[in-house]
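Accompanying notes for the structure given below.
Every number here is computed from the coordinates shown, using simple stated rules; none is lab data. Keep in mind it's a predicted model, so treat the numbers as computed, not measured. Backbone-built Cβ (ideal geometry, glycine too); neighbour counts: all protein chains shown.
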Amino acid sequence: MKKFVCGFFLLAFVSTWVATCAEAIQPKVNKEYDKAYMIIMQPPTIANFFTTALPTLYGYKGEFNYKKARKEAEQIINTLRLKGVNVITIEEILLKGRDPQKLKDFISENLVITKDKDLNLDLDTIKKEIIEANDLDTLLDLLLNGFSANLSKDEKSTSGIGGKISFEPLVDLFYMRDQMITTDKGIVLCNFESKQRKNEVALIKLALDNIGISPIYEVTDPGRLEGGDFFMNGDSIFIGIGPRTNEAGAKQLMDNNTFNAKTVVLVKDRLLNQAQMHLDTYFNMLDSKLVVLAEDRMSKNAPKTASVVDVYELEGGKYKKVEEDIDFYEYLNNNGFIIIPVSEEDSAQLATNFITIAPRTIVGPSGVSEKYKQALKKHDVSATWVDMKNIKKGYGAARCITRPIIRQAPRQ
């Protein structure tokens, strides 16, 4: 009962805060393991009906139940809120933010309705009627489903109008890690490699605007960047280079004053396995010098596929490459990191894809081995394991579905 009451008041607080206090937000993350103060999430939506119908079409592994996945995400939200983290969702921001009219305008601009030349209809009027006839919840569903229509004559129809309806649903929107990154200077919008995900960024930009956040930069072609490949670590940064993020994207970050780090470490993926598409599917940080790393990325286990790094140092206001193709495992070792190995079996359970909410405090996916749990305990890591059976079907877990926008460093 106590947890229920606490959760109820947290939710009420968040809803009120979204509507009234948005302008106070100043996004900042200095270190991956600093205390998480504010996180943006979005549970699976009606758009994920399409993932349930055809999971393999959208790159999901096996059966995916979007209603169960939504409950899993909501459980993670509740877990984080009970641990003192402020969690706001994209739905809350768009539906309860300070300017709902912006959502209507955005939907009107992005609602695609076309017609055959011989059909005498005013499409602007039709769009206006759709906007005026529906509440914001329904309009948001249209947007999330990527609804579009082409109208044509149909003399057998009672209205005299027929046509075709199509959808480009935002099925991966709930993997909120990837549309943006948060640095010690603010929010940077990413640029997706996957065509399926490109429309997400415009929606995220709208949501951020609705809570008073202006991104400091947006990665553009030919650059590619996804948030699962990015780790803040104070004076140093890790950026994964692989299937979803390229060197052009990383270079844009370095060339456009998006962070204060003195060292940038590009972790180059040589395995190129789509099941481990991001750096956070085989590596993660628990504290300043404590990390986990998949065994199949260690040179002693897999010399041909182990990740290697290029190291850049800030010199005279510009980042210059000072080391190239250094073994990732050796780099970590030589720089004083304690490395907890992650077995192939645990990697398959996305054991590295936890979210660190404070130094050595994590929320991660259930299903990992007892050996892995004990290895974490040995290093005084407090772990909360949550069922993410359906969420993991898209090759992501707790870190993939959370976007911290404010982390607070411990007081000195």
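For every other residue with a beta carbon closer than 10 angstrom to the beta carbon of Arg403, add +1 if it is Lys or Arg and -1 if Asp or Glu, then tell me the sum. Before the final figure, lay out each step's value.
Values: positive: Arg177, Arg399; negative: Asp178.
Local charge sum for Arg403: +1.
Among 191-198, 27-34, 149-156, how do they line up from the highest to the lowest mean number of other beta-carbon atoms within 10 Å?
Numbers: 191-198: 16.5, 27-34: 23.0, 149-156: 13.0.
Most protected by this proxy first, the peptides run 27-34, 191-198, 149-156.
Exposure proxy check: Arg70, Arg403, Arg360 ranked by fewest other beta carbons within 10 Å? Please report the intermediate quantities before stating the final value.
Numbers: Arg70 19, Arg403 26, Arg360 15.
Ordered from fewest to most neighbouring Cβ atoms within 10 Å, Arg70, Arg403, Arg360 come out as Arg360, Arg70, Arg403.
Express as a percent, rounded to the nearest 5, the fraction of DSSP beta bridges in region 97-167 (both residues included) that run antiparallel.
Working: 7 of 11 bridges.
Looking only at bridges with both residues in region 97-167, the antiparallel portion is about 65 percent.
Dipole magnitude of region 167-218 about its Cα centre, charges +1 at Lys/Arg Cβ and -1 at Asp/Glu Cβ only, in debye to the nearest 20? Provide the component values of the computation, followed by the final result.
Details: 6 positive and 8 negative charges, 5 e Å.
Value, rounded to 20: 20 debye.
Would you mind ranking Asp141, Asp172, Asp325 by Cβ crowding within 10 Å, fewest neighbours first? Write out the running numbers ahead of the final one.
Details: Asp141 14, Asp172 24, Asp325 9.
Sorted ascending by nearby Cβ count, the order is Asp325, Asp141, Asp172.
For region 20-81 and region 167-224, what is the separation of their Cα centres, given in Å?
Using only Cα atoms, the two centres lie 14 Å from each other.
Which shape class, rounded, prolate or oblate, goes with region 97-167 when its Cα gyration tensor gives a ≥ b ≥ c as root eigenvalues, a/c under 1.5 marks rounded, and past that a/b bigger than b/c marks prolate? Display every interim value, and only then the final one.
Details: a/c = 2.43, a/b = 2.17, b/c = 1.12.
Cα axes put region 97-167 in the prolate bin.
Let me spell out the model: positive unit charges on the Cβ of Lys and Arg, negative unit charges on the Cβ of Asp and Glu, origin at the Cα centre of region 97-167. What dipole size does that give, in debye rounded to 20? Intermediate values should be presented prior to the final figure.
Working: 10 positive and 14 negative charges, 34 e Å.
Roughly 160 debye for region 97-167.
Got a sec? Charge dipole of the chain, +1 on Cβ for Lys and Arg, -1 for Asp and Glu; which of Thr352, Gly223, Phe49 is way out at the positive end?
Thr352
Calculated from DSSP H runs of 4 or more alone, at -39500 (n - 2.57) each and per residue, what is the 222 nm mean residue ellipticity of the chain, nearest 500? All intermediate terms of the calculation are to be shown ahead of the outcome.
Numbers: 12 runs with 120 residues, N = 412.
After summing the helix terms and dividing by residue count, I get -8500 deg cm²/dmol.
Residues with amide H under 5 Å of Val308's amide H, sequence separation 5 or more or different chain, H placed in the peptide plane at 1.01 Å from N; which?
Amide H neighbours of Val308, under 5 Å, 5+ apart: Lys268, Arg270, Phe328.
Taking amide hydrogens as modeled 1.01 Å from N in the peptide plane, which residues meet the under 5 Å criterion relative to Asn284, leaving out close sequence neighbours?
Under 5 Å from the amide H of Asn284: Val292.
What shape does the chain take by its C-alpha gyration tensor, where a ≥ b ≥ c are the square roots of the eigenvalues and a/c under 1.5 counts as rounded, a/b above b/c as prolate, and the rest as oblate?
Taking the square roots of the gyration eigenvalues as a ≥ b ≥ c, the chain is prolate.
Through the Karplus equation 6.51 cos²θ - 1.76 cosθ + 1.60, θ set to phi - 60°, convert the phi angles of region 100-111 into ³J(HN,Hα) values in whole Hz; use x for Gly and Pro.
x, 4, 4, 5, 4, 5, 5, 5, 4, 5, 9, 7
Contact order normalised by length for the chain, with contacts defined as Cα pairs under 8 Å and 6 or more residues apart; what percent is it? Working shown, then result.
Details: 838 pairs, mean separation 85.4, N = 412.
Value for the chain: 21 percent.
Starting from the amide H of Phe147, placed 1.01 Å from N in the peptide plane, find each other amide H under 5 Å away whose residue is 5 or more places distant or on another chain.
Counting only residues 5 or more places away or on other chains, the set is Glu168.
Go through region 254-260 residue by residue and turn each phi into a ³J(HN,Hα) via Karplus (6.51, -1.76, 1.60, θ = phi - 60°); whole Hz please, and just put x for glycine and proline.
For region 254-260, the Karplus curve yields 5, 8, 10, 6, 8, 7, 9 Hz.
Let me check I've understood the local charge: for Phe64, count other residues with C-beta under 12 angstrom from its C-beta, Lys and Arg +1, Asp and Glu -1. What total comes out? Mind dumping the intermediate values first?
Numbers: positive: Lys61, Lys67, Lys68, Arg70, Lys389, Lys392, Lys393; negative: Glu63, Glu72, Asp172.
That works out to +4.
Using the crude model of +1 on Lys and Arg Cβ and -1 on Asp and Glu Cβ, and no other charge, please compute the dipole size for the chain relative to its Cα centre, in debye to 20.
Rounded to the nearest 20 debye, it is 1100 debye.
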